[in-house]
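For reference, the structure is listed below as structure tokens.
The values are calculated or read from the model by the stated rules, or taken from the named source; none is laboratory data. The model shown is predicted, which means the values in this text are computed figures rather than measured ones. Heads up, the Cβs are rebuilt from the backbone with ideal geometry, glycines too, and the neighbour counts pull from every protein chain shown. With ligands, DNA and RNA removed, areas are computed over all heavy atoms of the protein, side chains included. Shrake-Rupley method; radii C 1.70, N 1.55, O 1.52, S 1.80 Å.
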Amino acid sequence: MAKILVTGGAGYVGAHACLQLKDRGHEVAVYDDLSNGHLAFVQGGPFFRGDIRDRARLNAAFETVQPDAVMHFAARIEVGWSVNHAAECFDVNVGGSAALLEASERHGVKAMVFSSTCAVYGEPQTPTLRESHQIAPISPYGRSKAIVESMLQEVEVRGGLRSARLRYFNAAGADPLARMGEAHDPETHLIPLVLQVAMGQREAISVFGDRYPTRDGTAVRDYVHVCDLAEAHVLALEALLAGERGFVANLGTETGHSVREIIEACERVTGQPIKHRVADRRFGDAPSLVADASFAHRKLGWTPTRDIDTIIEDAWRWAQRQRAHQDHTLEAV
Ligand SMILES: NC(=O)c1ccc[n+]([C@@H]2O[C@H](COP(=O)([O-])OP(=O)(O)OC[C@H]3O[C@@H](n4cnc5c(N)ncnc54)[C@H](O)[C@@H]3O)[C@@H](O)[C@H]2O)c1
């Protein structure tokens, strides 16, 4: 059992990771400024509200918790936003990570699991992406994550903290008991947006581009269930705590689904027709991003087990629960 400080633990992926850390008997403390997270997702354990750039607040949290390891999810996550707000994106994602790294080292932390992304690869040169693929991010967001990866690698090479840099593809789905799920504002991820159409909260879904060189012309992505991702984080953390050296690993299912296929799967799961409109393709959107996750399998024994229907069923249960909660709140006003 270890004490883990989780930055961004009130957010979507971080909160799911906290649940699994606790299930495995670890002690969890969350550090989050709630800029995009939810206090309701923090289920037990100490909570520190603070910005990762705030060194004094970070130090106070480390003093109190005395963590053995850190899981670092806190970041600005919107790729589109980052294009016009590069300085702020770098400030939070790179500057905040540097502050966290400093505090970790000052308090003798030896291991960190870091949320990286497939956006570090840029335009794919191969049908599936291996960790050895060139790093050529095309957005400030992707670049900020690539910089933090290098920073962590540099620290480790010099004998400092060891880190797992996990490059996830598209996180999706929700806790099967609907205790938490995706709740971003504004929401930019495909599955929750499509489910908003199924619930009548949105008129239609925009399909950005239908002339890609893919099987049906729409963009293909690798959707990985957030609970599978959380499992990989716990495995990576335990490997580091057992003394393993740091590493980089892709986390994906190795299966791509096109936007049209996701819409069809959502129609199948929800039983609702889903209206869509084709719009121009967006700058920087790759035709297809699919993981080669064989390294994570070899290194951690990790294999994602939840398929696309399970992802959508869990996301649908969560979306309905949120709507029921909103209706209840409106009635109470
Ligand atoms: N969701 C995905 O598909 C995906 C894919 C690849 C990588 N990632 C990475 O995974 C991590 C988690 O993503 P998510 O989808 O859970 O996002 P999220 O926005 O739900 O979670 C991020 C959390 O960090 C917090 N935060 C943001 N800025 C902060 C700051 N300056 N100080 C303290 N806390 C701050 C937010 O309040 C939020 O709770 C991010 O680092 C993201 O870049 C996500």
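Using alpha carbons only, how many degrees (0 to 90, rounded to 10) separate the axis of helix 55-65 from the longest principal axis of the chain?
80 degrees
Normalised by the residues of the chain, what does the relative contact order come to in percent, with Cα pairs under 8 Å and at least six apart?
Once normalised by length, the contact order is 18 percent.
Taking the chain as the reference, fit the longest principal axis to its C-alpha atoms, fit the long axis of helix 12-23 to the helix C-alpha atoms, and give the angle between the two in degrees, 0 to 90, nearest 10.
Helix 12-23 sits roughly 60 degrees off the main axis of the chain.
Hey, can you find the accessible area per residue of segment 1-124 for me, probe 1.4 Å, expressed in square angstrom?
Counting only protein heavy atoms, the per-residue value for segment 1-124 is 38 Å².
Please find, in a Gaussian network model of the chain (springs between Cα atoms separated by less than 10 Å), the residue of 54, 292, 222 whose mean-square fluctuation is greatest.
54
With +1 on each Lys and Arg Cβ and -1 on each Asp and Glu Cβ, and nothing else charged, work out how big the dipole of segment 248-333 is about its Cα centre, in Debye to the nearest 20.
So the dipole magnitude of segment 248-333 works out to roughly 160 debye.
Quick one: what Rg and Dmax do you get for segment 259-333 from the alpha carbons, in Å?
17.8, 53
I'd like the carbon and sulfur percentage of the solvent accessible area for the chain, probe radius 1.4 Å, heavy atoms only, ligands and nucleic acids excluded.
Carbon and sulfur together cover 50 percent of it.
Just round it to a whole percent: the fraction of Cα-Cα distances in segment 143-271 exceeding 21 Å.
Result: 54 percent of Cα pairs exceed 21 Å.
Given +1 on the Cβ of Lys and Arg, -1 on the Cβ of Asp and Glu, and no further charges, what dipole in debye does segment 198-261 carry about its Cα centre, rounded to the nearest 20?
Approximately 260 debye in magnitude.
As I understand it, the value is the acute angle between the Cα axis of helix 96-106 and the longest principal axis of the Cα atoms of the chain; what does it come to in degrees, rounded to 10?
30 degrees
So what's the gap between the Cα centers of segment 95-145 and segment 293-316, to the nearest angstrom?
For segment 95-145 versus segment 293-316, the Cα centre distance is 21 Å.
Given the options 106, 306, 57, state which has the largest fluctuation in a GNM of the chain using a 10 Å cut-off (strictly under) for Cα springs.
106
Using a 1.4 angstrom probe and counting only protein chains, how large is the accessible area of residue 13 in Å², to 10?
20 Å²
So if I average 1/r over every pair of distinct C-alpha atoms in the chain and take the inverse, what Kirkwood radius in Å does that give?
Here the Kirkwood hydrodynamic radius works out to 20.2 Å.
Apply the a/c threshold of 1.5 to the C-alpha gyration tensor of segment 1-108 and tell me whether it is rounded, prolate or oblate.
oblate
With only Lys, Arg, Asp and Glu charged, each at its Cβ (+1 for the first two, -1 for the last two), find how big the charge dipole of segment 222-297 is about the Cα centre; round to the nearest 20 debye.
The dipole of segment 222-297 has a size of about 400 debye.
Using a 1.4 Å probe, how large is the accessible area of residue 294, given in Å² and rounded to the nearest 10?
40 Å²
With just the Cα atoms defining each centre, how far is segment 161-235 from segment 1-71? Give it in Å.
So the two Cα centres are separated by 23 Å.
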